[in-house]
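To start, the structure itself, in structure tokens.
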Amino acid sequence: MNKTGYFTHPDCRKHEMGPGHPECPERLDAIDDRLLVTGIGDALDRREAPLASVKDIELAHEKMHVAAMRGVGQELADDIAAGGRGYAQIDPDTVMNVHTWNASLRAAGAVLAATDAVMAGELENAFCAVRPPGHHACRDHAMGFCFFNNVAVGARYALDRHGLKRVAIVDFDVHHGNGTEDILAGDERVLMVSFFQHPFYPFTGAGAHAANMVNLPVPAYTRGMAVRELIEQVWMPRLDAFKPEMIFISAGFDAHREDDLGQMGLVEQDYAWITSRVKDIAKKHAKGRIVSSLEGGYNLDALGRSVEAHIRVLADL
């Protein structure tokens, strides 16, 4: 049995936000190409992401937000049928096309299906190669390239549908996961640990925060060894004391030193090390159960190499 699942779907490539946008379909191609050329893809259990149900999306999002996203998708379909361009601007950085609704349901659905498979013991862990990303999506609005919060939906699903008592979220994107914090702050069943460049978009996370949020803002140009030291000193004791029964990872790779959307200095070996330390906690407390979902990472070459490093550790390759 290939114990690491790889969840994706062609619909995730159909969502695009216009020429030149960094959050582009080619990101998934870069990951697939890297897994193909290294042979790692052959060691993974590849599965197709289903569509998440609206009811499951509403575990983390308000009904009005979900209905609004569906409504915009329908308006875009009508616009295209009438000869229009078929784009809707959600915020200065975030655009919907006619495929965004389905792609968003596939992205969340990948995390839910991975959670089911890991909970059933079919897989030890899983990586979801999906887009749009999720960790900026708040309870009641989309922002920052994100429409639904894939990892927050997954965490609530593990708690409410599978009956787990404690789940952890690890977020190593260069940007603060403000949406995940908005949805899960104060939920004592969840512990979220993160580091992020600060001050930087979305300019949150450095002030007062709920007791279940472990936020580590770091300045631009912070390198991997400094991040590793913070993780060892702050994340690990909190995760160990929390004893999570499952871990979700918001896997953003834009803190890589080659990524122009951030100004941090991580390299592939740092992502491998972080993944290894998270895996140590999962093995100790959570029967190895990890579901990782793609967030940022916009230098295509660095993204492919970093995801490879991440998956190598997950799959013991």
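General remarks:
- Being touching a residue at least 12 places away in the same chain (Cβ under 8 Å) and out of contact with any helix residue (DSSP H, G or I) (no Cβ under 8 Å at 6 or more places or on another chain) holds for only one residue in Val66, Val130, Val98, Val118, and it is Val118.
- Note on region 217-238: residues that are open to solvent by 60 Å² or more (accessible area, probe 1.4 Å) and at negative phi total 8.
- Residues being among the polar types (S, T, N, Q) and either farther than 21 Å from Gly18 by Cβ or assigned to a helix (DSSP H, G or I) (or both) - total across region 93-113: 3
- Check on Ile281, among the β-branched types (Val, Ile, Thr) and under 19 Å from Arg166 (Cα atoms): yes
- Total residues in region 3-21 satisfying the condition of being closer than 21 Å to Ala302 by Cα, buried (at least 18 other Cβ atoms within 10 Å of the Cβ) and not charged (D, E, K, R): the figure is 4.
- Evaluation of Leu216 against (1) in contact (Cβ under 8 Å) with a residue 60 or more places away in the chain; (2) of a type in the set (A, V, I, L, M); (3) in contact with a helix residue (DSSP H, G or I) (Cβ under 7 Å, 6 or more places away or on another chain) (one fails), failing number: (1)
- Test: residue in region 281-292 that is touching a Lys or Arg at 6+ places or on another chain (Cβ under 9 Å), within 25 Å of Glu124 (Cα to Cα), open to solvent by 40 Å² or more (accessible area, probe 1.4 Å) and not aliphatic (A, V, I, L, M): yes
- Number of positions in region 255-304 that are farther than 21 Å from Glu229 by Cβ, within 15 Å of the chain's Cα centre (by Cα) and not in a strand (DSSP E or B): 5
- The set of residues in region 162-199 being assigned to a loop (DSSP other than H, G, I, E, B) and surrounded by fewer than 21 Cβ atoms within 10 Å (Cβ to Cβ) consists of His162, Gly163, Leu164, Lys165, Arg166, Ala185, Gly186, Asp187, Glu188, Arg189, His198, Pro199.
- Against the list (1) buried (at least 22 other Cβ atoms within 10 Å of the Cβ); (2) assigned to a helix (DSSP H, G or I); (3) of a type outside the set (Asp, Glu), the condition Val66 fails is (1).
The values are calculated or read from the model by the stated rules, or taken from the named source; none is laboratory data. Please read these numbers as outputs of a predicted model, since none were measured by experiment. Cβ sites come from the backbone with ideal geometry, for glycine too, and all protein chains shown count toward neighbours. For accessibility, only protein heavy atoms count, side chains too; no ligands or nucleic acids. Shrake-Rupley method; radii C 1.70, N 1.55, O 1.52, S 1.80 Å.
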